[in-house]
1. Between a first residue in the range B:217-242 that is within 14 Å of another protein chain (Cβ to nearest Cβ) and a second residue that is of a type in the set (Val, Ile, Thr) and open to solvent by less than 20 Å² (accessible area, probe 1.4 Å), which pairs have beta carbons less than 9 Å apart while being 6 or more apart in sequence or on different chains?
2. Out of (1) within 9 Å of chain B (Cβ to nearest Cβ); (2) without any contact (Cβ under 8 Å) to a residue 60 or more places away in the chain; (3) touching a strand residue (DSSP E or B) at 6+ places or on another chain (Cβ under 8 Å); (4) of a type in the set (D, E, K, R), the odd one out for C:Lys103 is which?
3. One residue is enough: does the range A:179-187 have a residue meeting the conditions closer than 24 Å to B:Arg210 by Cα and within 13 Å of chain B (Cβ to nearest Cβ)?
4. Answer yes or no: is there a residue in the range B:79-91 that is free of Cβ contacts under 8 Å to residues at least 40 places away in the same chain, among the aliphatic types (A, V, I, L, M), part of a helix (DSSP H, G or I) and closer than 30 Å to A:Leu91 by Cβ.
5. Within the range C:1-45, can you find the residues that are in a strand (DSSP E or B), small (Gly, Ala, Ser) and surrounded by 19 or more Cβ atoms within 10 Å (Cβ to Cβ)?
6. Does C:Gly56 qualify as being crowded, with 17+ Cβ neighbours inside 10 Å and at positive phi?
7. Looking only at residues in the range B:177-219 that are assigned to a helix (DSSP H, G or I) and over 24 Å from B:Leu236 (Cβ atoms), which one is least open to solvent (accessible area, probe 1.4 Å)?
8. Could you tell me which residue of the range C:212-226 is surrounded by the fewest Cβ atoms within 10 Å (Cβ to Cβ), considering only residues that are within 27 Å of C:Val10 (Cβ to Cβ) and hydrophobic (A, V, I, L, M, F, W, C)?
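The values are calculated or read from the model by the stated rules, or taken from the named source; none is laboratory data. Bear in mind that the values here come from a model prediction, so they are computed numbers and not experimental data. Cβ: placed from backbone, ideal geometry, glycine included. Neighbour counts: every protein chain shown. For accessibility, only protein heavy atoms count, side chains too; no ligands or nucleic acids. Shrake-Rupley method; radii C 1.70, N 1.55, O 1.52, S 1.80 Å.
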Amino acid sequence: MAVMVLGCLDRRAGELTTITIGYQPSTHQIAALVAAEQGWWEEDLAQFGITKVVLKEFPSGPPEMHAMLAGELQFAYVGAAPPISAIYEGLDAKIIAGVQTQGSALVLRPELADSYTGPESLRGLRIGTFPPGSIQHTVLSRWLLDNGIDPNTEVDLKAMGPSDAATAIGARTVDAVFLPSPTPTIIVAEGNGVIVEWSGTMWPDHACCCLVASGKMLRDHPEIVSQIITTHIRATDYEIAHPEEAAEIYAKWMGANVATIKDSLAVSDMHWTHDPHLLVDSTLAYADIIFDLNRARYEGMGLTVLGETDIFDTRLYDELTR
Amino acid sequence: MKLTAVIRENGLSLLPLILVLLLWEVTAGYVVKDPLFLPRFSAVMSAIYTLRNLLVPDLLTSLYHFAIGLTLAFALALPLAIAMGWFRPVFKAVDPIIEIVRPIPPLAWIPLAIVWIGLNDYAAGFIIFIGAFFPILIDSYSGFRDVPRVLVETGMVLGCIGDRKLIRHVALPYALPSIATGTRVGMGVGWMCVVAAEMFGVGDSGLGYRLFQKFYFLHQMDYVIAYMLVLGLLALVLDRMFRYFVEERLFRWKKGIVK
Amino acid sequence: MGHQLVLRNVTRTFDAENGSREALEQINLEVKPSEFLCIVGPSGCGKTTLLRMIAGLDTPTSGEIILDGKPVLGPSPDRGMVFQEFSLFPWRTVLKNVEFGLKIQGKRDIKRTAERYIELVGLTGFEHSFPSQLSGGMKQRVAIARALATEPAILLMDEPFGSVDAQTRNLLQVELLEIWKRTKKTILFVTHSVDEAVYLADRVVVLSSRPGRILDVLAVDIERPRKRTSWQVNALREQLLMLLGSPAPVK
């Protein structure tokens, strides 16, 4: 009990010398790894008295946001949807920059891929994807609904992380998975699946990953937030210019096969970008969808659908890119 | 008149409980004031009401997983316990394996369970089985092993010739209280595994499933605590029911109470 | 009248770490039907071992044990036994305990038979009590009733009154003689108490200390009921005590 109390207090006191950035094992977020690999995070933040920058890995967005709710993260590379359900529940944070759009793929077991003709073929199948509240879950659900299939009753959506899903499809405990790169390509390389759809065809230009900053950082340390955005822009430009090297950095950090990662970058319909404005439209659509899914609860809490200013704070980005 | 007697009788048990709930409500509502960090007790209570349509199917599913696991555990543990407790060579042969496998936490079996059995109710039942099996086994074989020699020999001189008759008429009745104790402990451990078993999405409902696959990912903390309370209460009910139906009735002789 | 129980050259040797250990040597004994025979001897002389072999719970290393013309090969309700430790099945009532042997044998009308024997040991009214509710003396009486209920050819008793207090012991001895008179059972009674042996027995077998050999077999020709303090009883007691004080005879 004493340890718990101390632990809770410890986080609220003291000077800021460590920054913790959350991220996920996806090629969507290579920018975070590029900056870490080149030492840019610590270099660029040293002038603000930051001595340590820690990167914390999460299997998917919802657990990452849970950690941010607990105050464990100041910044997060995360899909644009998870922060929304967290903000509805009281997360004090804003999207400050973009990271990428599209870039998730539907992978079917090889024996089922031959007979795939479109969303209709998914009826009655068991599909592993990220948990409710994630981009993947939201995009897939919306796409199924648009095609007349009820995601709650006519398919069996199972929540899991990327490596669980890769194992599951290999062990045939699921029939299909819908995951962000590079896992779909890894599954194909292992002979356990065939990519049949990219998320860009399901929902063109849909927002995917973004950079989130805690409200505290925005209010108390805007200069640090500004620098984080600057470093992020630099890393994003770098990875766009040097995709081969980006793949190598990712493979090194994740212990993945370099050739497979390079393949993944070649086939993925993902589009790296640091501009948050490109994410706004689809993100507001996510806010709508998530509100719908939890209408009873949110209305009971007196909430309304989140608007742009509830989710985004692009002032610092706009200043930097004027 | 009767009410004051009831209060006096149970006051010592109930008063601290009520105080804790009050403390929770006040701390959550006026000190912490953050429904994410600590939802109010009243919020949790109304959450139980709000969730009532989900709660009942989830409860039944969890009980179903529990039943699968416990039945399997009992069915496998009892014969093995008889063999291990009665026949020393069997014990010596099997015990090392048991002692190595036993300390492995049920949660650690989840990845295997998913690959072996799949994402279905039986995988969940399997995890609960792992939790319940060892307490039942160990208490039971201890019961069989500890049968006093004088009782065995008495059985023999009264006509129980052979292991089967001795086990049936002497060892089993003697070991029954130990089996009951082991089962009760196994039930406790098994129920604790329900959440672990369900959190990985084996199945589409269940208290653990809902808690981890929905409430957690959507950060709905009042729902989380509501389900935690239900899990705890259900465990209490199961335990009390077992004690009443099995221990009170069957083992009157241990306490020397006569009808 | 023939002998009911015959022991011929019975020897029992145990294997220990440092070679073998002889517990009993060359026991030769003949028991008549309806006889009350006591076996006395110092601690460790093997008297319990001897009784267990007759019961069939142990096997002689050499020699034979024959009951009613048939060799003893293992335990059987033919040879009822009352142990020194309390041996009632704690999960069964008095009635169910006494019924036990009858039930195993698949006999019919066991309730009435059991009730009869419960009455014989003076415990009518306690049929539905559990052993945990009984005193030590009562427990042993139930054990006697249970052993007798299967109507064995012979009743073996291994210091059955050793765990009860002295007064209860005396009472139980008197009751046992009553039961013996009424049932006319052959009784083999092991005890280390010379007083007990003299009070109860028709004959007393005296065993030497280890390795146990029969030192002597004394007849107790004193009419029953015996006075514990009479001169005949005392004389016999002295005789036995002297025998027990002497070392093992040279072969």
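1. B:Leu218/A:Ile290; B:Asp222/B:Val44; B:Tyr223/B:Val44; B:Ile225/B:Val44; B:Ala226/B:Val44
2. (3)
3. No - not one qualifying residue is present in the range A:179-187.
4. no
5. Selection gives C:Ala23 alone.
6. Yes; evaluated as a whole, the condition is true for this residue.
7. Among those residues, the one meeting the criterion is B:Gln213.
8. Among them, the one singled out is C:Ala219.
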